[in-house]
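The values are calculated or read from the model by the stated rules, or taken from the named source; none is laboratory data. The model shown is predicted, which means the values in this text are computed figures rather than measured ones. Reconstructed Cβ throughout: ideal geometry from the backbone, glycine too, with neighbour counts over all protein chains shown. For accessibility, only protein heavy atoms count, side chains too; no ligands or nucleic acids. Shrake-Rupley method; radii C 1.70, N 1.55, O 1.52, S 1.80 Å.
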Amino acid sequence: MQYLVNQIVNKGIDSLDHSMLSEDLRNELFTKAGELFIKEGKHFEGVKCLAIAQNIAKLKEYGNYFVERILPEFAILCFIQLKDEDMIKKVGPACIDKGYYNIAIKAYEAIGDKKMAEFVRKNFLE
């Protein structure tokens, strides 16, 4: 098991064709790899692994962890996976403030807030 987790971390998330794994094994491997990535400061890769694992509890946990550490760009990636409307509305403005416009647009679109997504697009990207 640890060998496969190391493969994911050392060679990259896409180095392993996870479609052939059982759901339980995939979830366990990618949860462990995601946590390892986050500990190494590779937050984007960590969130991607947790999304592949479909680990809702960990996505929520790390979303809040990133909010506490004022890393809205990673927090919102977790909340997009969860389609957590309340947290996206809470963290979205911080993403805009820090210049993460595309992530904010993606987040607003994920919760169906087309007006806010268009507002960000027109006022900050055009």
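Modelled spin-label separation between Lys122 and Gln7, with each label point placed 7 Å from Cα along the Cα-to-Cβ direction: 5.0 nm. The mean sequence distance of close C-alpha pairs (under 8 Å, at least 6 residues apart), as a share of the length of the range 65-124, puts its relative contact order at 29 percent. Of all the options Gly63, Gly92, Gly112, the one that moves most in a Gaussian network model of the chain with Cα springs shorter than 10 angstrom is Gly112. Calculate the length of the line joining the C-alpha centroid of the range 1-41 to that of the range 49-99, in whole Å. Their Cα centres are 20 Å away from one another. Once you've got the GNM for the chain with C-alpha springs shorter than 10 Å, pick whichever of Lys48, Lys89, Lys114 has the biggest mean-square fluctuation. Largest GNM mean-square fluctuation: Lys114. Relative to the longest principal axis of the Cα atoms of the chain, the long axis of helix 23-39 makes an angle of roughly 70 degrees. In this structure Glu73 has an accessible area near 20 Å², from a 1.4 Å probe over the protein heavy atoms. For the chain, adding -39500 (n - 2.57) for each run of n ≥ 4 DSSP H residues and dividing by the number of residues yields -22500 deg cm²/dmol at 222 nm. Taking the C-alpha atoms only, the angle from helix 72-82 to the longest principal axis of the chain is near 70 degrees.
Suppose a student asked you for the relative contact order of the range 1-101, using Cα pairs under 8 Å spaced at least 6 residues apart; what percent would you report?
On the way: 103 pairs, mean separation 17.8, N = 101.
Rounded, it is 18 percent for the range 1-101.
With everything on Cα atoms, drop me the angle between helix 43-53 and the longest principal axis of the chain, reported from 0 to 90° to the nearest 10. Computed tilt is about 70 degrees. Among the listed pairs Lys60/Lys89; Lys89/Lys114; Lys32/Lys106; Lys83/Lys106; Lys42/Lys106, those whose Cα-Cα separation exceeds 18 Å are Lys32/Lys106; Lys42/Lys106. Among the protein heavy atoms, those of Leu21 account for about 40 Å² of accessible surface (1.4 Å probe, every chain in place).
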